[in-house]
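Got a structure here, written out as structure tokens. Questions coming.
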């Protein structure tokens, strides 16, 4: 089974996507399951993991409702306010839904770089672990050191780094990112998504621009801890769905990596699909 481990849907009228502005012309419209379905069919993708795009309870409820209606949605990554006193109760309630597989706080948009190490977050992460839910880490390179601390504090928590931690490919800021992400080489409760990399590259990106970053991720995480995701429709800022998939398909062929694992088996295992 081939799985797209990272995609979004949204309806502008819901009006809780603070980052989604008219200036993002390619994205400022509704994106629904019927828009994605032809792409999944054309590229032989059997199912997806649907990921939150707004930091609201209403967003999580909206995505779970969509998952009830569409068989192609195999899992949902929702959102909970980890700072709320009743966050654990909310997590327990959401965990009853069979397609809720994880939660994603939007750490990249939180000013406090140390937020993820706060006591309230620790309590919420313990609840995630107790319910076998995944912590999807939407982070940037400056968060990697704190993420390593978090990983060590929660050895039973499954964690998935989104977008390779968003390295600054456009400005060739490889060295420090590579050093910091190498800390996860032997930390086996953490995986990483190949998603969102093209939107961190220059507009006329070539595969060669991505290769040092792909090489690093596979060197650190290996075939067993890498998940392919499209990041559709955000990827449309830099690539079509097919171009991004084909880029990784060719890379896996040339580097003799496991397409079966990267394009599906790892996502099925990590998220319990």
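The values are calculated or read from the model by the stated rules, or taken from the named source; none is laboratory data. Small disclaimer: the values here were computed from a predicted structure and weren't measured. Reconstructed Cβ throughout: ideal geometry from the backbone, glycine too, with neighbour counts over all protein chains shown.
Taking the stated definitions as given, is residue 63 touching a strand residue (DSSP E or B) at 6+ places or on another chain (Cβ under 7 Å), part of a helix (DSSP H, G or I) and surrounded by 13 or more Cβ atoms within 10 Å (Cβ to Cβ)?
Yes; evaluated as a whole, the condition is true for this residue.
Sticking with this structure for a sec: Give the number of residues within segment 66-83 that are in contact with a helix residue (DSSP H, G or I) (Cβ under 7 Å, 6 or more places away or on another chain) and either surrounded by 23 or more Cβ atoms within 10 Å (Cβ to Cβ) or not in a helix (DSSP H, G or I) (or both).
Here the count works out to 11.
Next up: Condition test on residue 208, is it in a helix (DSSP H, G or I), free of Cβ contacts under 8 Å to residues at least 24 places away in the same chain and under 23 Å from residue 140 (Cα atoms)?
For residue 208, the condition - in a helix (DSSP H, G or I), free of Cβ contacts under 8 Å to residues at least 24 places away in the same chain and under 23 Å from residue 140 (Cα atoms) - is met.
Another question, if that's okay. If you go through segment 51-65, how many residues are farther than 14 Å from residue 138 by Cα and in contact with a helix residue (DSSP H, G or I) (Cβ under 6 Å, 6 or more places away or on another chain)?
Selection size over segment 51-65: 0.
Restricting to helices (runs of 4 or more DSSP H) lying wholly in segment 115-197: which have 2 or more residues that are out of contact with any helix residue (DSSP H, G or I) (no Cβ under 8 Å at 6 or more places or on another chain) and either free of Cβ contacts under 8 Å to residues at least 40 places away in the same chain or farther than 30 Å from residue 89 by Cβ (or both)?
119-130, 175-181
Those residues that are surrounded by 12 or more Cβ atoms within 10 Å (Cβ to Cβ), under 21 Å from the mean Cα position of the chain (by Cα) and not in a loop (DSSP other than H, G, I, E, B), I need them from segment 88-114; list them, please.
91, 94, 100, 101, 102, 103, 107, 108, listed by residue number.
Find the residue count for segment 210-238, including only residues that are at positive phi and crowded, with 18+ Cβ neighbours inside 10 Å.
Qualifying residue count, segment 210-238: 1.
Can you pull out the residues in segment 13-55 that are closer than 23 Å to residue 81 by Cα, surrounded by 13 or more Cβ atoms within 10 Å (Cβ to Cβ) and without any contact (Cβ under 8 Å) to a residue 60 or more places away in the chain?
14, 16, 17, 20, 50, 52, 53, 54, 55
Would you check if residue 230 is in contact (Cβ under 8 Å) with a residue 40 or more places away in the chain, assigned to a loop (DSSP other than H, G, I, E, B) and in contact with a strand residue (DSSP E or B) (Cβ under 8 Å, 6 or more places away or on another chain)?
Considered against the rule, which asks whether it is in contact (Cβ under 8 Å) with a residue 40 or more places away in the chain, assigned to a loop (DSSP other than H, G, I, E, B) and in contact with a strand residue (DSSP E or B) (Cβ under 8 Å, 6 or more places away or on another chain), residue 230 comes out as yes.
Inside segment 248-264, can you point out the residues that are farther than 11 Å from residue 194 by Cα, surrounded by 18 or more Cβ atoms within 10 Å (Cβ to Cβ), in contact (Cβ under 8 Å) with a residue 24 or more places away in the chain and touching a helix residue (DSSP H, G or I) at 6+ places or on another chain (Cβ under 9 Å)?
251, 261
Somewhere in segment 26-49, is a residue in contact with a strand residue (DSSP E or B) (Cβ under 6 Å, 6 or more places away or on another chain) and assigned to a loop (DSSP other than H, G, I, E, B)?
Yes.
Can you tell me which condition residue 207 does not meet? The list is (1) modelled with pLDDT of 95 or more; (2) surrounded by fewer than 17 Cβ atoms within 10 Å (Cβ to Cβ); (3) closer than 18 Å to residue 255 by Cα, and all the others hold.
Only one criterion in (1) modelled with pLDDT of 95 or more; (2) surrounded by fewer than 17 Cβ atoms within 10 Å (Cβ to Cβ); (3) closer than 18 Å to residue 255 by Cα is unmet by residue 207, namely (1).
Now a separate question. Which of the numbered conditions does residue 5 fail, given that it passes all the others? Conditions: (1) farther than 30 Å from residue 118 by Cα; (2) in contact (Cβ under 8 Å) with a residue 60 or more places away in the chain; (3) in contact with a strand residue (DSSP E or B) (Cβ under 8 Å, 6 or more places away or on another chain).
(1)
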